[in-house]
Every structure is written in structure tokens, then in C-alpha cells.
Amino acid sequence: MFNGFKVISVTPYGRRRYVQLLAHYLEQAKGIIDEHHFWLNTQDPRDVEWLRQRVAVAPDFFRIIESDEPYPEMWPFRIHSFFRMYPASERTIYIRFDDDIVWMAPQAIEQLLTFRIANPRYFLVFPNTINNSLCTHLHQRMGLLPELPLVEYDCTGARSWRSWETAAHAHRSLLTRIRANACRHFYFGRWELLGYERCSINCISWFGTDADEIARRITSDEEESLACTIPQALGRPNCIAGVPLVSHFAYHVQRLSLEQNTNWFDCYKQLVWEAQQEAPQSADGTRGSDNGSKGADRGPCTTS
């Protein structure tokens with residue numbers, strides 16, 4: 001619960017490689033987040049088995065939600081079916097995390113929820129997200145990325161979305177500032193999406209009272225529906241909150257080259273490993289949120 005609201009977070013799940021990191025941050029937020037629902041969106045038996053074992057460690061917190069929607073060629077185009085499973089509910093807030101949200105700042109979830117509650121006029125609230133196309137444009141304007149090449153204000157731009165080099169610069173900028181305790185350099189007030197422009201839904205928050213409208217209006221292109229058509233139909237623009245800070249690892253067009261040419265994923269793994277070593281030891285000898293799982297392997301990392 002948070003300020004009288006039940007909080008349910010959800011993730012379209014398909015890749016254990018990234019979710020091992022996300023799960024750490026989710027469990028750190030237990031007590032604020034009441035439940036986390038993994039929307040099963042893979043048929044890979046290894047990923048499915050890993051998830052079932054992971055959920056079994058914390059069945060009071062993690063749940064697996066399955067859909068009868070057939071798997072199309074493009075699997076993201078079945079995610080809309082999960083939204084239709086949630087009826088309208090008072091005093092409930094939902095947060096959706098992509099499965100490759102690999103880092104969250106301390107208090108990011110509380111900050112996101114505080115902004116969400118204080119600003120009901122917005123349909124969706126986005127946190128300030130590293131390697132989100134529009135946020136990357138803003139971060140470049142703030143001097144946090146190289147001045148050139150220019151990053152477009154475009155959800156699917158050649159530099160903002162497609163370029164693995166842009167993602168590499170974004171992650172380097174964040175990871176350097178994490179080590180320097182200087183993440184505040186990324187903060188801004190708010191960025192209202194008044195033109196109902198498309199913004200990647202790597203992480204979003206909405207009220208349970210809007211669930212019926214979402215279920216009625218959402219299409220197989222969930223991002224277009226949530227970022228553009230539904231808020232425009234309701235006359236309620238979306239907004240990026242500038243203080244809650246999270247990191248999205250990669251778009252599918254960036255992923256292979258980003259992993260082949262950088263060690264940024266190892267850096268994020270190491271941050272989780274370090275946090276787990278610092279956590280209080282439980283009675284069974286495990287530490288922190290890793291309780292009963294393999295957790296994240298420590299990886300070599302340098303931001304130089």
C-alpha cells in the first residue's frame with residue numbers, strides 16, 4: 001500500500017536474463033508494491049521454468065498471469081490481452097515494467113507513485129527513463145549525452161531508438177553518475193506530452209479507475225493505444241515525471257550490438273550483486289531479496 005492505494009506492478013515476461021535484475025528491485029519495494037504480476041509472454045521452456053521457480057520463492061508477492069491469446073509472429077502484439085483481464089478498481093495504482101528494466105534509483109517507485117497520485121489529470125505517468133527514446137532526447141538537451149549526433153524527438157528515430165551507440169552513451173552517462181553519487185544531474189520537473197506524441201512504454205503508471213477504458217479501447221498495438229489514442233480520446237495527456245529514475249536496457253533493434261560491443265549489462269548485474277552483499281543476512285544464510293534464488297552473477301564492469 002502507498003498512501004491508501006493498493007499498488008500492483010506488472011511485467012510482460014519473456015527473458016530471465018533481464019528479469020533476474022528486475023526482480024531484485026521489485027522485492028526491495030515489497031510493502032509499497034502489494035503484488036507483482038508476471039504476464040507470461042514466452043514459450044521458451046527454460047524461461048518459463050525459471051519464472052515458475054522464481055515465483056515459488058515468493059508466492060505471496062509474485063504471480064504468473066497467463067492469457068489465452070494465441071502467439072502471433074510478433075509476440076508483443078498479444079500483450080494487450082493482459083490489460084483486458086483487469087477490471088476497474090478504486091484506490092488502485094498499476095505500474096508496468098518492461099522485463100529489461102535493469103536498474104531503479106532508491107525511492108524511484110515511491111517518487112513515481114507520489115507524482116501519480118498528485119496528478120490525476122494525466123492518463124499515464126512515465127518515470128524518467130534511461131534509454132527511452134524521448135527521454136534520451138531530453139537528456140542530450142540537458143548535456144548528459146554527447147552533443148552530436150543529434151538525438152531526434154521521435155519514439156522510433158534512427159538515433160533515438162534504432163542506434164545502439166545512443167543506448168551505449170545513455171548507459172555510460174548513468175553508470176558513471178551512479179558511481180559518483182550524482183544521479184540528480186538527470187532530474188527535471190516534468191515533461192507533458194501535450195501533442196499526444198508516442199512515447200515508449202518501458203515503464204508506465206495508471207489508475208485502476210481507468211482500467212475499463214483501457215480494456216475497451218486497447219488494440220494489439222498496445223503502445224500506440226496507451227501512448228496516443230486512448231489519452232487523446234479521453235482528453236488526458238500523458239506526462240514524464242522527471243525525478244523517479246529507472247533504466248531500460250535496450251530496444252530489440254539495439255540489443256545485439258549493445259551486448260556485443262559494451263559491458264553495460266555486466267555493470268548493472270554488478271550493482272545488484274553489490275546490493276545483495278550489503279543486505280542483512282537472513283536466518284537461512286541468504287541475503288536480501290535474493291532469498292532462495294540464484295540471483296545475479298557478479299560481472300566485470302568499468303565505465304571508463
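The values are calculated or read from the model by the stated rules, or taken from the named source; none is laboratory data. What you see is a predicted model; the values in this text were computed from it and never measured. As a convention, Cβ positions derive from the backbone with ideal geometry for all residues, glycine included, and neighbour counts pool all protein chains shown.
A few notes on this one:
- Pairs with Cβ under 8 Å, 6+ apart, first in region 232-258 and closer than 13 Å to R121 by Cα and in contact (Cβ under 8 Å) with a residue 60 or more places away in the chain, second surrounded by fewer than 16 Cβ atoms within 10 Å (Cβ to Cβ) and hydroxyl-bearing (S, T, Y): none
- Checking V243 against (1) buried (at least 21 other Cβ atoms within 10 Å of the Cβ); (2) modelled with pLDDT of 95 or more; (3) not in a helix (DSSP H, G or I), the condition it does not meet: (1)
- Test: residue in region 128-143 that is over 26 Å from N263 (Cα atoms), among the hydroxyl-bearing types (S, T, Y) and modelled with pLDDT of 95 or more: no
- Every residue from region 178-212 that is without any contact (Cβ under 8 Å) to a residue 24 or more places away in the chain and either charged (D, E, K, R) or touching a Pro at 6+ places or on another chain (Cβ under 7 Å) (or both): R184
- Unmet requirement for W39, which otherwise passes all of (1) of a type outside the set (G, A, S); (2) at pLDDT below 95; (3) under 22 Å from M1 (Cα atoms): (2)
- The listed residue being surrounded by fewer than 18 Cβ atoms within 10 Å (Cβ to Cβ) and without any contact (Cβ under 8 Å) to a residue 24 or more places away in the chain, out of P70, P76, P87: P70
- Only one of Q270, Q277 that is modelled with pLDDT under 95 and out of contact with any His (no Cβ under 9 Å at 6 or more places or on another chain): Q277
- Listed by first and then second residue, the pairs with beta-carbon distance under 7 Å, at least 6 apart or on different chains, first residue in region 133-161 and more than 14 Å from H185 (Cα to Cα), second aromatic (F, W, Y) and buried (at least 18 other Cβ atoms within 10 Å of the Cβ), are S133/W161; C155/W161; W161/Y251.
- Residues of region 245-260 that turn out to be in contact with a helix residue (DSSP H, G or I) (Cβ under 7 Å, 6 or more places away or on another chain), farther than 28 Å from S205 by Cα and polar (S, T, N, Q), as a count: 1
- Identity of the residue in region 112-133, buried (at least 19 other Cβ atoms within 10 Å of the Cβ) and among the polar types (S, T, N, Q), that ends up nearest to W264 (Cα to Cα): N131
- For region 43-93, a residue qualifies if it is touching a Phe, Trp or Tyr at 6+ places or on another chain (Cβ under 6 Å) and within 16 Å of I218 (Cα to Cα), and the qualifying residues are S67, F82.
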